[in-house]
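Visitor: Quick one: the structure is below, and I'll ask about it shortly.
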Amino acid sequence: MSFLLSLLVVLHLICWAVALGTWVAAARTRQPNPGMPHAVAGAVVTGLVLAALVSIVGDPNHMKLGVKLLIGVVALVLAYIAKKKGPETTSAVWFGIPTAIVLNVIIAVFV
């Protein structure tokens, strides 16, 4: 079970890294890469699976998991809005994506 949890954590972090990397690559043109919302969705799904597995084998911090889920869903919605609007994406939506991603990682590490 430990190997499975470690593998899912690695996949989860890779998805967040890909989401942030695709945002950085498109930051100048504001033309989002189609993979960005999919990477965020992958991170949210692997996070949900991790939360379920941790709930089975241990005593999770439900507050932390809930806040991370909320921020992940916000990042997901913003990424899909940016994908739909393309270069006409507003600044609040465009800069909310990396803010939510980095905030989610900070909560994971420090809380």
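Visitor: List pairs: first residue in region 53-82 and over 21 Å from Leu4 (Cα atoms), second residue hydroxyl-bearing (Ser, Thr, Tyr) and part of a loop (DSSP other than H, G, I, E, B) anywhere in the structure, Cβ distance under 6 angstrom, at least six positions apart or on different chains.
Guide: Ala82/Thr89
Visitor: Name the single residue that is surrounded by the fewest Cβ atoms within 10 Å (Cβ to Cβ) among those in region 57-76 being under 17 Å from the mean Cα position of the chain (by Cα) and charged (D, E, K, R).
Guide: Looking at residues that are under 17 Å from the mean Cα position of the chain (by Cα) and charged (D, E, K, R), I get Lys64.
Visitor: Tell me whether region 84-99 contains one or more residues that are over 14 Å from Ala17 (Cα atoms), of a type in the set (A, V, I, L, M), exposed (fewer than 15 other Cβ atoms within 10 Å of the Cβ) and modelled with pLDDT under 95.
Guide: No, that holds for no residue.
Visitor: Tell me, which residue of region 3-38 that is closer than 16 Å to Val93 by Cα and of a type in the set (Val, Ile, Thr) is nearest to the chain's Cα centre (by Cα)?
Guide: Thr22
The values are calculated or read from the model by the stated rules, or taken from the named source; none is laboratory data. For clarity, every value in this text was computed on a predicted model and none was experimentally measured. Heads up, the Cβs are rebuilt from the backbone with ideal geometry, glycines too, and the neighbour counts pull from every protein chain shown.
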